Protein chains: 2
Amino acid sequence: MSESPKERPLPASGDLVVIGAGVIGLAIGWRAAQRGLRPLVLDAGEPGAGATGVAAGMLAPVTEADFGEEALIELNLASARRYPDFIAELEAESGHATGFRQTGALNVAVDRDQAEELRRLHELQRELGLEARWLSAGECRALEPALATRVTGGIDAPGDHQVSPRLLAGALRAALERAGGSVRPFARARSVAVEGGRVSGVELQSGEMIAAPAVVVAAGAYAGELELPSGAGVPVRPVKGQILRLLGDRAAPLISRIVRTPEVYAVPRSDGRVVVGATVEEQGFDAAVTAGGVLELLRAAYEVLPGITELELVQASAGHRPATPDNEPVMGEGAVPGLVWATGHWRNGVLLAPLTADAIAALLDGEAPAPELRPFTPHRFAAAGVTG
Amino acid sequence: MSESPKERPLPASGDLVVIGAGVIGLAIGWRAAQRGLRPLVLDAGEPGAGATGVAAGMLAPVTEADFGEEALIELNLASARRYPDFIAELEAESGHATGFRQTGALNVAVDRDQAEELRRLHELQRELGLEARWLSAGECRALEPALATRVTGGIDAPGDHQVSPRLLAGALRAALERAGGSVRPFARARSVAVEGGRVSGVELQSGEMIAAPAVVVAAGAYAGELELPSGAGVPVRPVKGQILRLLGDRAAPLISRIVRTPEVYAVPRSDGRVVVGATVEEQGFDAAVTAGGVLELLRAAYEVLPGITELELVQASAGHRPATPDNEPVMGEGAVPGLVWATGHWRNGVLLAPLTADAIAALLDGEAPAPELRPFTPHRFAAAGVTG
């Protein structure tokens with residue numbers, strides 16, 4: 001995915017250590033480097049190979065809107081609005097493409113239950129003033145002729161877009177390195193060190209200590225695995241997702257925009273690939289691709305897009321989204337001064353990367369916490385008596 | 001699959017060239033070497049990586065019996081009878097395991113149409129005196145508790161077994177080399193050379209000539225691609241099959257015998273893997289694993305064995321079975337003296353390897369053609385005016 005950077009000496013300390021080189025950690029590192037900090041971004045494996053490497057990259061605040069999550073919907077919309085400028089700046093600074101495509105999304109129903117669910121979603125979208133229009137079955141098929149005849153109608157969301165998370169991670173790494181930051185793969189953090197009541201660095205699984213006055217935990221689902229002083233953690237659990245990569249004819253793509261139902265989504269890349277996802281499984285860190293997961297995805301995709309049977313099945317993979325008890329992200333400084341959280345992004349990590357990076361980098365640079373972070377403070381779990 | 005043999009000089013000629021190092025070509029080579037011939041077995045790629053590498057290895061003359069194929073059923077049964085001794089001798093001579101398991105097979109129906117189809121099959125099996133007993137749904141589930149409750153009954157075929165084709169190919173290669181034969185990978189045959197009215201050798205795609213007084217075409221579906229003198233070919237076409245490899249708990253296997261319906265089969269290996277196959281597609285040499293093929297297999301397997309959803313999906317692959325116009329094998333000397341055919345084995349290549357190898361090696365050693373080969377002569381297509 002990302003190109004290998006030139007060999008350079010790896011710093012053993014810096015102004016800032018970021019644990020996790022997924023899109024969240026890399027974006028924070030890039031924005032911090034732009035502000036003159038010297039971030040070192042650690043990853044337990046290859047950068048971008050965790051949840052980032054399995055994500056479909058939907059930027060879908062409108063079709064992913066859900067009841068009772070008004071604060072999160074606002075956050076998602078705010079990050080989506082930043083995406084075009086974020087991508088333009090990133091592609092210019094990195095020299096990498098990111099696969100950002102402003103295609104829109106069509107959310108359709110293939111049976112009566114799904115139609116009722118989408119009607120309720122559309123009501124919510126209208127109440128919130130989101131850009132979403134109800135379409136008849138015929139109008140849906142006029143937009144996407146490959147839709148199954150059983151489609152009864154759906155929601156056109158012309159502002160929901162996509163990016164390639166793998167390309168995005170590569171671009172972020174390149175931009176971060178050009179801005180003076182570093183990435184260190186295969187450096188698994190074991191614990192966060194605390195001295196005199198505030199963070200002093202990170203200890204690796206190898207025993208190596210990396211000193212830093214500030215540490216960002218952007219380790220996704222693995223944030224819950226870090227050793228921390230009592231009361232300093234936040235509760236993060238992995239939620240397994242399986243995803244398929246199909247390949248069709250680039251010259252005659254099956255679909256031209258994101259097509260989804262309440263059960264499945266299909267995201268068309270510009271090279272003829274179609275990403276189909278995703279299961280939602282509470283399975284701990286089990287990362288197996290299962291017969292049941294693949295069957296569920298293919299069956300749901302076939303119901304809405306019968307033509308997928310002709311596509312090549314190139315890859316099936318599984319990863320772990322980071323989820324908190326309320327399924328909302330956790331962003332900001334927690335109980336230990338200098339220890340900053342940026343995880344729990346659940347299904348919205350790629351979408352939320354620009355806003356998260358801007359807000360966390362500002363915080364690290366000494367600014368007051370951005371008001372949009374307030375609902376997502378790590379302190380909400382301590383207040384509720386829940387810690388990681 | 002097979003272990004790398006020690007480096008040795010590759011012969012540029014021999015008593016015999018076999019085109020194709022699948023189980024058919026390797027078994028012929030082994031039997032010929034045992035008779036003192038010096039066979040050279042060529043393969044366009046890796047030995048055992050064609051149809052052999054994608055086959056499930058069912059040895060199922062009873063559950064695969066079909067109307068109007070009495071001669072072929074006889075041939076299948078005759079080869080199945082040779083299997084235990086063939087394996088014992090091969091494992092002893094090669095020092096390799098082959099995954100031969102005498103598990104039996106259970107052929108069940110999950111709906112009324114399948115039940116009628118199996119009732120007709122059972123009638124045929126009884127007429128032919130095959131070892132097959134009709135079981136009630138309860139009796140089926142007593143044998144295999146993982147069967148779906150929708151199973152209405154089925155046929156117990158305790159004599160249908162399995163072998164691992166990949167292990168078998170490796171064992172055959174080792175035995176053949178110990179007996180004085182050679183295998184040459186990545187040597188694609190372009191044409192068969194004829195001089196003075198009889199075969200004189202093989203020309204490779206590279207232009208290299210390999211002289212030999214006898215040539216066996218065991219190239220599977222690729223037999224039809226060889227350049228041959230006019231009228232010397234036989235018509236062989238590829239029939240695509242897709243197959244899945246699942247992995248379950250070795251200590252608690254989902255099934256203990258082959259479980260199949262008229263639509264799908266599941267073959268349990270001793271290491272916890274379950275091979276699920278296979279699609280039958282007239283697609284030429286297209287070898288793509290497709291969303292539709294995987295969906296078809298998983299859906300049919302789920303209907304009979306709901307527990308497969310828990311298994312890991314380890315691999316999906318596609319290959320090409322060799323089929324003739326009458327879907328029966330073509331074995332024996334054809335229009336050109338010295339040019340011997342051993343292909344067209346359709347779904348029964350692994351099953352038929354022992355008998356094919358014995359009969360073809362005897363022919364190459366100067367014996368009269370075995371009577372069981374007579375129905376499968378290459379001349380039947382010339383008589384019908386059909387050539388490759």
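The values are calculated or read from the model by the stated rules, or taken from the named source; none is laboratory data. What you see is a predicted model; the values in this text were computed from it and never measured. We place every Cβ from the backbone using ideal geometry, glycine too, and count neighbours over all the protein chains shown.
Here A:Glu281 fulfils each of the conditions (1) more than 29 Å from A:Ala189 (Cα to Cα); (2) of a type in the set (D, E, K, R); (3) in contact with a strand residue (DSSP E or B) (Cβ under 9 Å, 6 or more places away or on another chain) apart from (1). List every residue pair whose Cβ atoms sit under 6 Å apart, with the two residues 6 or more apart in sequence or on different chains, where the first one lies in the range B:301-330 and is within 14 Å of another protein chain (Cβ to nearest Cβ) and the second, anywhere, is at pLDDT below 95 and outside any strand (DSSP E or B). Once the first residue is within 14 Å of another protein chain (Cβ to nearest Cβ) and sits in the range B:301-330, its partners that are at pLDDT below 95 and outside any strand (DSSP E or B) give B:Ala318/B:Ala287. For the range B:316-347, a residue qualifies if it is part of a strand (DSSP E or B) and over 30 Å from A:Thr290 (Cβ atoms), and the qualifying residues are B:Pro322, B:Ala323, B:Val330, B:Met331, B:Gly332, B:Glu333, B:Leu339, B:Val340, B:Trp341, B:Ala342, B:Thr343. Under the condition of being on the phi > 0 side of the Ramachandran plot and in a loop (DSSP other than H, G, I, E, B), the residues counted in the range A:188-203 number 2. Out of curiosity, is A:Leu295 out of contact with any Phe, Trp or Tyr (no Cβ under 7 Å at 6 or more places or on another chain) and modelled with pLDDT of 95 or more? Against the criterion (out of contact with any Phe, Trp or Tyr (no Cβ under 7 Å at 6 or more places or on another chain) and modelled with pLDDT of 95 or more), A:Leu295 does not qualify.
Filtering the range B:41-53 to residues that are crowded, with 24+ Cβ neighbours inside 10 Å and either of a type in the set (A, V, I, L, M) or not in a loop (DSSP other than H, G, I, E, B) (or both) leaves B:Val41, B:Leu42, B:Ala51, B:Thr52. Looking across the range B:228-256, the residues that are aliphatic (A, V, I, L, M) and under 30 Å from B:Asp326 (Cα atoms) come down to B:Leu228, B:Ala232, B:Val234, B:Val236, B:Val239, B:Ile243, B:Leu244. Taken over the range B:141-183, the criterion of being under 30 Å from B:Gly307 (Cα atoms), in contact (Cβ under 8 Å) with a residue 60 or more places away in the chain and hydroxyl-bearing (Ser, Thr, Tyr) is satisfied by B:Ser164 alone. For the criterion of being touching a strand residue (DSSP E or B) at 6+ places or on another chain (Cβ under 8 Å) and more than 14 Å from chain B (Cβ to nearest Cβ), A:Gly293 fails.
Here B:Ser270 clears all of (1) surrounded by fewer than 20 Cβ atoms within 10 Å (Cβ to Cβ); (2) among the polar types (S, T, N, Q); (3) within 11 Å of chain A (Cβ to nearest Cβ) except the condition numbered (3).
Applying the criterion of being more than 20 Å from the chain's Cα centre (by Cα) and in contact (Cβ under 8 Å) with a residue 60 or more places away in the chain to the residues of the range A:250-260, the residue that is surrounded by the fewest Cβ atoms within 10 Å (Cβ to Cβ) is A:Ser256. Of all residues in the range B:54-72, those that are at pLDDT 95 or above and surrounded by fewer than 21 Cβ atoms within 10 Å (Cβ to Cβ) total 0. Take the conditions farther than 18 Å from B:Val275 by Cα, outside any helix (DSSP H, G or I), among the hydrophobic types (A, V, I, L, M, F, W, C) and out of contact with any strand residue (DSSP E or B) (no Cβ under 9 Å at 6 or more places or on another chain) and apply them to B:Phe67. Does it pass? Taking the combined requirement at face value, the residue satisfies it.
Only a single item in (1) in a loop (DSSP other than H, G, I, E, B); (2) out of contact with any helix residue (DSSP H, G or I) (no Cβ under 9 Å at 6 or more places or on another chain) is not met by B:Ala148, and it is number (2).
Here's the yes/no breakdown for (1) surrounded by fewer than 21 Cβ atoms within 10 Å (Cβ to Cβ); (2) farther than 22 Å from B:Val280 by Cβ:
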| position | (1), (2) |
| --- | --- |
| B:His320 | no, no |
| B:Pro337 | yes, yes |
| B:Trp341 | no, yes |
| B:His345 | no, no |
| B:Asn348 | no, no |
| B:Leu352 | no, no |
| B:Asp358 | yes, yes |
| B:Pro375 | yes, yes |
| B:Pro378 | no, yes |
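Just one of the listed residues (B:Leu247, B:Leu228) is more than 20 Å from the chain's Cα centre (by Cα) and modelled with pLDDT of 95 or more, namely B:Leu247. Taking the criterion of being within 17 Å of B:Ile255 (Cβ to Cβ) and touching a residue at least 40 places away in the same chain (Cβ under 8 Å), the residues of the range B:95-139 that qualify are B:Gly99, B:Arg101, B:Gln102, B:Thr103, B:Gly104, B:Ala105, B:Leu106, B:Asn107, B:Val108, B:Ala109, B:Val110.
Could you tell me whether B:Ala318 is aliphatic (A, V, I, L, M) and touching a strand residue (DSSP E or B) at 6+ places or on another chain (Cβ under 9 Å)? Against the criterion (aliphatic (A, V, I, L, M) and touching a strand residue (DSSP E or B) at 6+ places or on another chain (Cβ under 9 Å)), B:Ala318 qualifies. The single residue among B:Leu128, B:Leu77, B:Leu124, B:Leu37 that is surrounded by fewer than 23 Cβ atoms within 10 Å (Cβ to Cβ), among the aliphatic types (A, V, I, L, M) and over 30 Å from B:Ala361 (Cα atoms) turns out to be B:Leu124. All conditions but one from (1) modelled with pLDDT under 95; (2) within 11 Å of chain A (Cβ to nearest Cβ) apply to B:Gly284; the one that does not is (2).
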